[in-house]
Amino acid sequence: MTKRELAPAGLRHIAVVMDGNGRWATRRLLPRTAGHKYGVDALKSTVRGCIAQGVPYLTVFAFSSENWNRPADEVRALMDLFVQALRRETRELAAQGVRLRFVGDREAFEPPMRELMQQAQDLTAANTTLVLNVALNYGGRWDIVQAMRALQASGGPITEQTLAQHLCLADMPAPDLLIRTGGERRISNFLLWQIAYTEFYFTDALWPDFDEKALALAIADYAQRERRFGSVPPQPEAQATGLRVA
Ligand code: FPP
């Protein structure tokens with residue numbers, strides 16, 4: 001086996017907007033839904049990449065609150081695909097040490113799908129290699145509003161910290177890196193609160209073409225970034241000479 005490539009220290013959480021499935025399929029004269037199907041393989045490869053590189057959290061945008069506005073047959077096909085993927089892949093993900101979690105408003109899903117989601121979460125609950133958060137019927141604005149409601153109901157003080165404690169991904173570090181495939185450069189109501197200091201990586205690759213190798217490129221790009229979190233980089237010269245730098 002080749003030497004295991006580890007992600008840069010401090011890269012703990014990657015978020016992904018998996019965009020471009022429809023275009024990938026259309027270019028091949030296939031129905032858009034075929035793109036979503038191949039998108040599952042891209043996700044499996046990305047999961048393998050995160051595990052290989054020791055990244056402990058991966059959050060993927062699989063279905064947004066706004067995706068219900070797509071043609072009914074595409075929404076139906078996506079729901080069928082989620083059910084099928086849950087049935088087929090949960091066991092293998094569990095064997096890889098993946099803990100599956102679903103984030104978003106589950107109320108809109110049909111009971112069999114909700115049951116499968118719960119089963120997958122229960123089956124993988126003790127796994128610690130990689131937490132895979134699948135955002136389904138998720139919206140960043142919805143997340144903030146549901147957190148606000150929960151906080152209000154608790155009667156606690158409203159601060160950044162207490163609000164953050166009620167958000168969907170409250171019990172894990174904020175994403176360090178957000179990848180969006182498909183050439184668009186926008187957030188599309190994904191993790192609005194949590195990405196305050198996240199590094200963005202946009203690629204023209206369409207999601208079904210994304211894989212472990214493409215992930216490694218994104219991580220290599222991230223490794224070049226200087227993260228300052230609103231602060232300034234260390235200025236050793238100024239400190240040494242006592243000079244002030246404007
Ligand atoms: C966006 O591409 C993609 C989606 C709305 C669906 C993403 C779902 C998957 C990749 C399947 C994942 C499966 C599981 C089980 C989580 P698009 O259709 O908007 O592409 P386009 O911009 O080319 O039209």
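Solvent-accessible area per residue in region 38-177 equals 49 Å², computed with a 1.4 angstrom probe and all protein chains kept. Dipole orientation for region 83-196: of the candidates Leu130, Pro112, Ala85, Ala85 has the Cα lying most toward the positive pole (charges on Cβ; Lys, Arg +1; Asp, Glu -1). For the chain, a Gaussian network of Cα nodes joined below 10 Å ranks Glu199, Glu74, Glu110 by mean-square fluctuation, and the top entry is Glu110.
Computed from backbone phi, the HN-Hα couplings of region 135-147 come to 7, 10, 6, 10, x, x, 5, 4, 4, 5, 5, 5, 5 Hz, rounded to whole numbers (Karplus: 6.51 cos²θ - 1.76 cosθ + 1.60, θ = phi - 60°; Gly and Pro given as x). Using Cβ point charges alone (K and R +1, D and E -1), the dipole size of region 26-139 about the Cα centre works out to roughly 400 debye.
Computed 3J(HN,Hα) for region 35-40, one whole-Hz value per residue from the Karplus formula 6.51 cos²θ - 1.76 cosθ + 1.60 where θ = phi - 60°, is x, 5, 4, 5, x, 5, glycine and proline marked x. Here the 3J(HN,Hα) profile of region 197-211, calculated from phi with Karplus coefficients 6.51, -1.76 and 1.60 at θ = phi - 60°, is 10, 6, 8, 9, 9, 10, 9, 6, 4, 7, 3, x, 8, 7, 7 Hz, Gly and Pro shown as x. Each Cα pair under 8 Å and six or more residues apart adds its sequence gap; the mean of these over the residue count of the chain is a relative contact order of 27 percent.
The length gained by stretching the chain between Arg225 and Gln121 to full extension, at 0.36 nm per residue less their Cα-Cα distance, is 34.0 nm.
Amide H to amide H distances under 5 Å link Asn133 with Leu58, Thr59, Val60, Arg101, where only residues 5 or more positions off or on other chains count and H is placed in the peptide plane. For the residues Ser231, Ser65, Ser188, a GNM of the chain with alpha-carbon springs under 10 Å puts the largest fluctuation on Ser231.
The label-point distance for Arg70 and Gln84, in a model that sets each label 7 Å from Cα toward Cβ, rounds to 1.3 nm.
Roughly how many debye, to the nearest 20, is the charge dipole of the chain about its Cα centre, given +1 on each Lys and Arg Cβ, -1 on each Asp and Glu Cβ, and no other charges?
260
By accessible area, using a 1.4 Å probe on protein heavy atoms only, the chain has 52% of its surface on carbon and sulfur.
The values are calculated or read from the model by the stated rules, or taken from the named source; none is laboratory data. Remember, it's a predicted structure, so these values are computed and weren't measured experimentally. Every residue, glycine among them, receives a Cβ derived from its backbone with ideal geometry; neighbour counts consider all protein chains shown. For accessibility, only protein heavy atoms count, side chains too; no ligands or nucleic acids. Shrake-Rupley method; radii C 1.70, N 1.55, O 1.52, S 1.80 Å.
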